[in-house]
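Structure first, then comments.
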Amino acid sequence: MQQILLFLIKNKTGLVFIVLMTVALGLTFNAHTYHNSKFISSANFITGNVLGTSESVSQYFDLKTQNEILSEENKTLRNILYNSKSVQDSLPNDLEFIEDSLYRVQKSTVISNNYDKIDNFLLIEGGLKDSIKQDLGVISSKGVVGIIQDVSQNFSRVISILNTNTSINAKLKKTFHFGTLTWDGKDPNVMKLVDVPRSAPVKKGDTISTGGRSLVFPENIPIGIIDEFELDENVGYYSISVRLFNDMTNLKHIYVIENTKQDEAFELLNQEQP
Amino acid sequence: MKTYLINIIRFIVLVLVQVLILSHFEIFGYINPYIYPLLIILLPFNIGSVQKLFLAFALGIFIDFFEDSGGIHAAATLTIAYIRPILLRNAFGLSYDNQTLKFYDAPFKSRLVYVTLMIFIHHSVLFLLEIFSFNHLIYLIEKIIYSSIFSILLSIITLNLIRKNSK
């Protein structure tokens, strides 16, 4: 017994090192798998407030660009509004319509944003007290941003589409051929669309948008255009480079989309599994 | 007591500078300088080794919280804290063994070697864990080398600035 103690005391540096290193590596491995990376998260009181304060100062330097982005979005929305035929009938009493709708949209702002790593996250304003939950979709005016992964009282952490663990259901806007959108960790403006079948008429410049198969995002949110593509002859699937509409390096005003039937759908899906 | 205070202030200042300013640097798109290892570099040379390891872990985990990066910074900072004595002996030689060493009294060359080794090893562990696959080997090596160069430059500049102010 004494010898064990002596041994421990003699090697205490090495032992402390090993213990702490194990903890650090454990957290690292956890962070590399999507659903478990919740131990170390910036959605907590201290980091949220520090980053939030810093953001509230620095946002003034970016006001002009952000205003332009917002008015650009307003222009697009107005274009849609004035050109849609059903608008006269639905405007007066659409409150009822909104109450019952499938998707509920909330606004939020980005507090911190990463895009230079392999696995990137964003921290956004709003948490449990704004009824933001896990697995809600996040978009900006120009396209998809990510999915809410972790929520605290006042802040939420979003797993960015620029993360090697994300995969989002996407389709060719014209033809409804589905594929999976992933990121290879290199260029923050380019993502990869894989698993598009050989039969799809892929053309450079075509638009890619979200497919309706996900319970997170509504259908037809634009993502980007086809930059390059390659047909893997062995497998018979296309591998497509998609240039994003969204400038992921410059995000400020974003929207959180809640699919109000999501819980119900998840429940049903879980029931099916044995 | 004074040493404790200095190191606590350094801890806070370095973490804030890192997460509020330096982490927003995107030199050539993907290079991020990290200067918070300066805390470990500048620790008193006779500090207890267990104390040093816990401090390194705390520093790393704080950065991890802000950057949402799991435990990679903690692991990298722990590594340099653990192997610091070996590097000190290599860089400063006899004066370290005799316990007479003061950081700023050492010749510039020794200091440069010491800081370079510490930062380079820190960055190697950091990016290896961050990228976590050998599929991106070239990207990994590029990132280690370029980021190290910027971090070492910034660290040397910072070290000289601190020195001038305290005199």
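Bear in mind these aren't lab numbers, they're just calculated from the coordinates by the rules spelled out. Predicted model, so just to flag it, every value in this text is computed and none were measured. Here the Cβ is made from the backbone with ideal geometry for all residues, glycine too, and neighbour counts use every protein chain on show.
Things to note:
- Shape category assigned to the range A:209-274 from the gyration tensor of Cα positions, a/c cut at 1.5: oblate
- Extension gain from A:Q59 to A:K75, taking 0.36 nm per residue of separation minus the Cα-Cα distance: 3.5 nm
- Kirkwood Rh and Cα Rg combined as Rg/Rh, the range A:168-244: 0.93
- To the nearest ten degrees, helix B:49-67 and the longest principal axis of the Cα atoms of chain B are 30 degrees apart.
- A Cβ-based charge dipole, computed about the Cα centre of chain B with Lys and Arg at +1 and Asp and Glu at -1, lands at about 820 debye.
- With the biggest extent put first, the Cα atoms of the range B:2-166 measure 46, 31, 29 Å across the principal axes.
- Longest stretch of chain A clear of exposed loop sites (GluC sites (Glu not before Pro), DSSP loop, at most 15 other Cβ atoms within 10 Å, sites excluded): A:1-218.
- Acute angle (nearest 10 degrees) that the helix A:12-31 long axis makes with the longest principal axis of chain A, alpha-carbon atoms: 10
- Computed extension length for B:E26-B:L5: 4.3 nm, one decimal, from 0.36 nm per residue of separation with the Cα-Cα distance subtracted.
- Reach of B:K2 by Cα under 27 Å, taken over lysines that are not fewer than 8 positions away in the same chain: A:K12, B:K52, B:K102, B:K164, B:K167
- Within the shell of other residues whose beta carbon sits under 12 angstrom from the beta carbon of A:Y237, the net charge comes to -2, with Lys and Arg scored +1 and Asp and Glu -1.
- The relative contact order of chain A, computed from alpha carbon pairs under 8 Å that lie at least 6 residues apart in sequence, is 17 percent.
- Environment charge at B:I27 (Cβ cut-off 13 Å; Lys +1, Arg +1, Asp -1, Glu -1): -2
- Degrees between helix A:63-83 axis and first principal axis of chain A (Cα, 0 to 90, nearest 10): 40
- Greater than 24 Å apart at Cα, pairs in A:K64/A:K107; A:K133/A:K173; A:K173/A:K252; A:K64/A:K174; A:K75/A:K107: A:K133/A:K173; A:K173/A:K252; A:K64/A:K174
- Counting, for every residue in A:109-120, the Cβ atoms of other protein chains within 10 Å of its Cβ and taking the mean gives 5.
- Distant alpha-carbon pairs in chain A (separation over 35 angstrom), percent: 28
- Under a model in which nothing but the beta-carbon of Lys, Arg (+1) and Asp, Glu (-1) is charged, chain A shows a dipole of about 620 debye around its Cα centre.
- Dipole magnitude (debye, nearest 20) for the range A:218-274, charges at Cβ of Lys, Arg, Asp, Glu: 320
- Loop-resident chymotrypsin sites (Phe, Trp or Tyr not before Pro) (DSSP state other than H, G, I, E or B) in the range A:130-233 with no more than 13 further Cβ atoms inside 10 Å of their Cβ: A:F176.
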